[in-house]
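Single-structure report; data block below.
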Amino acid sequence: MGAGAGAGAGAAGDGAARSDRILHLTERALWDEARASGSYEMSTRDRTLGDVGFIHCSLRHQLPAVAALLYGAEPARTDLVVLVIDVARLDVPVRYEPPVPGGEEFPHIYGPLPVAAVVGVETWPGA
């Protein structure tokens, strides 16, 4: 396990169930670029890790709402993929934080996502 992952995985809040796998919805072209460079640094749609300070992720049950928020209720796009991330392969902290006080907590990766930490890529919708 990476030095930051174990300590960071449960760093914030007690409300969300922790998982050894977290998810990130992105565009296939962005993932392809990351595979070529070895690191993924997009936070969310049209915003980078540098812009936001962390990479937005979700748990499986949170993914439909995230997709609807970012791409519409039923995205007509065919270029979306879900990155399945193994938290144990990260060497940066993962913190569970709510978008608003008292809200549901979402996992956030506080640093670049190494391509080696992505253990699966699923198409969306249908993931």
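Observations on the structure shown:
- Residue match in segment 63-81 (condition: surrounded by 13 or more Cβ atoms within 10 Å (Cβ to Cβ), touching a helix residue (DSSP H, G or I) at 6+ places or on another chain (Cβ under 8 Å) and not in a loop (DSSP other than H, G, I, E, B)): yes
- Residue that is nearest to Ser19 (Cα to Cα) [pool: residues in segment 65-112 that are at pLDDT 95 or above and among the small types (Gly, Ala, Ser)]: Ala88
- Residue in segment 22-38 that is in contact with a His (Cβ under 8 Å, 6 or more places away or on another chain) and at pLDDT below 95 present: no
- Met42, sole failed condition from (1) among the aliphatic types (A, V, I, L, M); (2) within 18 Å of Ala116 (Cα to Cα); (3) in contact with a Pro (Cβ under 8 Å, 6 or more places away or on another chain): (3)
- Considering residues of segment 113-127 that are of a type in the set (Val, Ile, Thr) and surrounded by 14 or more Cβ atoms within 10 Å (Cβ to Cβ) only, the residue farthest from Leu80 (Cα to Cα): Val115
- Within segment 38-62, considering residues that are free of Cβ contacts under 8 Å to residues at least 40 places away in the same chain and loosely packed, with under 13 Cβ neighbours inside 10 Å, the one farthest from Gly111 (Cα to Cα): His61
- Among the candidates Val100, Val119, residue that is out of contact with any Ser or Thr (no Cβ under 6 Å at 6 or more places or on another chain), over 12 Å from His56 (Cα atoms) and assigned to a loop (DSSP other than H, G, I, E, B): Val100
- Odd one out for Tyr110 among (1) hydroxyl-bearing (Ser, Thr, Tyr); (2) surrounded by fewer than 19 Cβ atoms within 10 Å (Cβ to Cβ); (3) more than 14 Å from Leu49 (Cβ to Cβ): (3)
- Of all residues in segment 46-62, those satisfying the criterion of being part of a loop (DSSP other than H, G, I, E, B) and under 14 Å from Leu83 (Cα atoms) are Cys57, Leu59.
- Within segment 24-68, the residues that satisfy the criterion of being of a type in the set (Gly, Ala, Ser) and within 19 Å of Arg95 (Cβ to Cβ) are Ser43, Gly50, Gly53, Ser58.
The values are calculated or read from the model by the stated rules, or taken from the named source; none is laboratory data. All of these numbers come straight from a predicted model, not from anything done at the bench. Please note: Cβ atoms are built from the backbone with ideal geometry, for glycine as well, and neighbour counts cover all protein chains shown.
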